[in-house]
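Asker: First the structure, which I've put down as structure tokens, then a few questions once you've had a look.
The values are calculated or read from the model by the stated rules, or taken from the named source; none is laboratory data. Not measured: the values here are computed from a predicted model. Please note: Cβ atoms are built from the backbone with ideal geometry, for glycine as well, and neighbour counts cover all protein chains shown.
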């Protein structure tokens, strides 16, 4: 399966840093970004895992808990935003 790519947007200053690094390392900009992101994620893995565990602890298998987590709205406040549809809907 061929690798696909997706565009990302960075500010002008960051793009210049990437361009300079790529030039002086003799690499493509996309390679510099890929390596940088992988290194960043690896160095912050424990924080990411902690966030995942915190999110999972909020889920109880209900649609309300999933919507609450995704919308960043406490389940007891979902009714204020229109509530949850009845199971038959």
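Asker: Of everything in the range 1-16, what is loosely packed, with under 11 Cβ neighbours inside 10 Å and either under 15 Å from the mean Cα position of the chain (by Cα) or closer than 28 Å to residue 70 by Cβ (or both)? Give them in sequence order.
Answerer: 4, 5, 6, 7, 8, 9, 11, listed by residue number.
Asker: Could you list, in sequence order, all residues of the range 17-27 that are part of a helix (DSSP H, G or I) and loosely packed, with under 10 Cβ neighbours inside 10 Å?
Answerer: Residues of the range 17-27 that are part of a helix (DSSP H, G or I), as a first pass: 17-25.
Hit for the range 17-27 is 24, nothing else.
Asker: Which pairs have Cβ atoms under 8 Å, sit 6 or more apart or on different chains, and link a residue in the range 28-47 that is outside any loop (DSSP other than H, G, I, E, B) to one that is exposed (fewer than 10 other Cβ atoms within 10 Å of the Cβ)?
Answerer: 30/5; 33/8
Asker: State all residues of the range 52-70 that are surrounded by 11 or more Cβ atoms within 10 Å (Cβ to Cβ) and within 15 Å of the chain's Cα centre (by Cα); if no residue qualifies, say none.
Answerer: Within the range 52-70, 55, 69 meet the criteria.
Asker: Looking only at residues that are out of contact with any helix residue (DSSP H, G or I) (no Cβ under 6 Å at 6 or more places or on another chain) and outside any helix (DSSP H, G or I) in the range 52-73, which one is nearest to residue 41 (Cα to Cα)?
Answerer: The qualifying residue nearest to residue 41 (Cα to Cα) is 72.
Asker: Now a separate question. Assuming residue 45 fulfils every condition listed in (1) closer than 30 Å to residue 66 by Cα; (2) modelled with pLDDT under 95 apart from one, which condition is it?
Answerer: All conditions are met except number (2).
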